[in-house]
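Below is one structure, written out as structure tokens, with a few remarks after it.
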Amino acid sequence: MRKTSHLFNNENKVVVALTREEGKNEKLSKMLKSTLADFDVTIEEIPCIAHADGDDLPRLTSHLVNESFDYVTVTSPEAARVLATAWNCNSARKMPAVAAVGKATQATLESLNIPVDFCPSKATAETLVTELPDVYAHENSRTTKVLYPASAKAMPTLQNGLSKRGFNVTRLNTYDTVVATWSQAQKERSKHAIIACFGSPSAVKGWLQNTDITGEDQKVFAACIGETSAKACREFGFSQSNIFCPDQPGWAVAVKEAVESAELALKRS
């Protein structure tokens, strides 16, 4: 495995890599241009993931049309977009209550005119499992039914946890997250990145695979959207001191903290 040879580009600017799917980094880019206005940074889009249809996608609309659910759980912005597309085929029927994991997911749903009824206090499946109200907790004859349109790579945490609480969960693998294949130009640009912005464990995996550098040997600072991505960085071997994750919702906050650390490293070099 090769190692990174430098932290900064030739102009000693901090290079920030945005790693979401191509064309879906614009919102974060705009936020960073404002948040990092006082810093000397360069922002590069280097997508680490791509999305593909999941095996269960054709079944999503039929489930919404033909079955009754108390909740639809949505755990990512991509799942929100998938749900909205399916719902547009069935807009005459009332949407079940929507439970969203994370502010970014909530914002995406609301931008697609899908109201959010519940958002857990922390943006993790574990917290949703603990906090989601049981509609029929006091009715032994009825069971709360949940539709979970998921990524094919999502861990079974949500459906297993809710099932243990007595919920009836239908999981549909409606989309898949695959590693993007970088061009040679993207590989060269990645060599100058000191901060990589990760919005999912798949993005972390895509970065490692395309850079061909193990987590233990990574020199980049990882600016994570939330704890799930930060946990993936730790599991892949990133140094804990190089992982930034906001205590409160706000991806740009984590990026800013990473930039401050990078600039401090520059001054010391």
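Just the residues that are of a type in the set (V, I, T) and either without any contact (Cβ under 8 Å) to a residue 40 or more places away in the chain or within 18 Å of I43 (Cα to Cα) (or both), please, taken from region 212-269. Talk me through it step by step, then tell me what you get.
Residues of region 212-269 of a type in the set (V, I, T): 213-214, 220, 225, 228, 243, 253, 255, 259.
Residues satisfying the conditions are V220, I225, I243, V253, V255, V259.
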**Asked** Given the structure, is K94 loosely packed, with under 14 Cβ neighbours inside 10 Å, out of contact with any helix residue (DSSP H, G or I) (no Cβ under 7 Å at 6 or more places or on another chain), at pLDDT below 90 and among the charged types (D, E, K, R)?
**Response** yes
**Request:** Quick one: count up the residues across region 149-161 that are among the aliphatic types (A, V, I, L, M), outside any strand (DSSP E or B) and either touching a residue at least 40 places away in the same chain (Cβ under 8 Å) or touching a Lys or Arg at 6+ places or on another chain (Cβ under 9 Å) (or both).
**Result:** 3
**Item:** Filter result for A137 (over 26 Å from V82 (Cα atoms), small (G, A, S) and either out of contact with any helix residue (DSSP H, G or I) (no Cβ under 9 Å at 6 or more places or on another chain) or open to solvent by less than 60 Å² (accessible area, probe 1.4 Å) (or both))
**Value:** yes
**Message:** Any residue at all in region 177-184 that's in contact with a Pro (Cβ under 6 Å, 6 or more places away or on another chain) and in contact (Cβ under 8 Å) with a residue 60 or more places away in the chain?
**Reply:** yes
**Item:** Top-ranked residue in region 99-121 [being among the hydroxyl-bearing types (S, T, Y) and surrounded by 20 or more Cβ atoms within 10 Å (Cβ to Cβ); ranked as farthest from G250 (Cα to Cα)]
**Value:** T108
**Item:** Residues that are in a strand (DSSP E or B), open to solvent by less than 20 Å² (accessible area, probe 1.4 Å) and in contact with a helix residue (DSSP H, G or I) (Cβ under 6 Å, 6 or more places away or on another chain), drawn from region 34-89
**Value:** I49, V74
**Complete:** If we ask which residues in region 122-146 are over 28 Å from W251 (Cα atoms) and in contact with a Leu (Cβ under 8 Å, 6 or more places away or on another chain), their number turns out to be 1
**Message:** Looking at region 189-218 only, could you name the residues that are farther than 13 Å from A17 by Cα and out of contact with any strand residue (DSSP E or B) (no Cβ under 8 Å at 6 or more places or on another chain)?
**Reply:** P201, L208, D212, I213, T214, G215, E216, D217, Q218
**Asked** Of all residues in region 21-33 being free of Cβ contacts under 8 Å to residues at least 24 places away in the same chain and part of a helix (DSSP H, G or I), which is farthest from S200 (Cα to Cα)?
**Response** K33
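Can you name the residue in region 254-268 that is of a type outside the set (D, E, K, R) and either over 15 Å from V15 (Cβ atoms) or within 16 Å of the chain's Cα centre (by Cα) (or both) and, of all such residues, is surrounded by the fewest Cβ atoms within 10 Å (Cβ to Cβ)?
Residues of region 254-268 of a type outside the set (D, E, K, R): 254-255, 258-259, 261-262, 264-266.
Within this subset, residues satisfying the condition of being either over 15 Å from V15 (Cβ atoms) or within 16 Å of the chain's Cα centre (by Cα) (or both) are 254-255, 264.
Values: A254: 25, V255: 29, L264: 10.
Applying the filter and picking the extreme gives L264.
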**Fill in**
Only one of (1) in contact with a Ser or Thr (Cβ under 7 Å, 6 or more places away or on another chain); (2) farther than 26 Å from R59 by Cα does not apply to P149, and that is (2)
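The values are calculated or read from the model by the stated rules, or taken from the named source; none is laboratory data. Small disclaimer: the values here were computed from a predicted structure and weren't measured. All Cβ positions, even for glycine, are placed from backbone atoms using ideal geometry, and neighbour counts span all protein chains on display. SASA here: full protein model, heavy atoms, side chains in, ligands and nucleic acids out. Shrake-Rupley method; radii C 1.70, N 1.55, O 1.52, S 1.80 Å.
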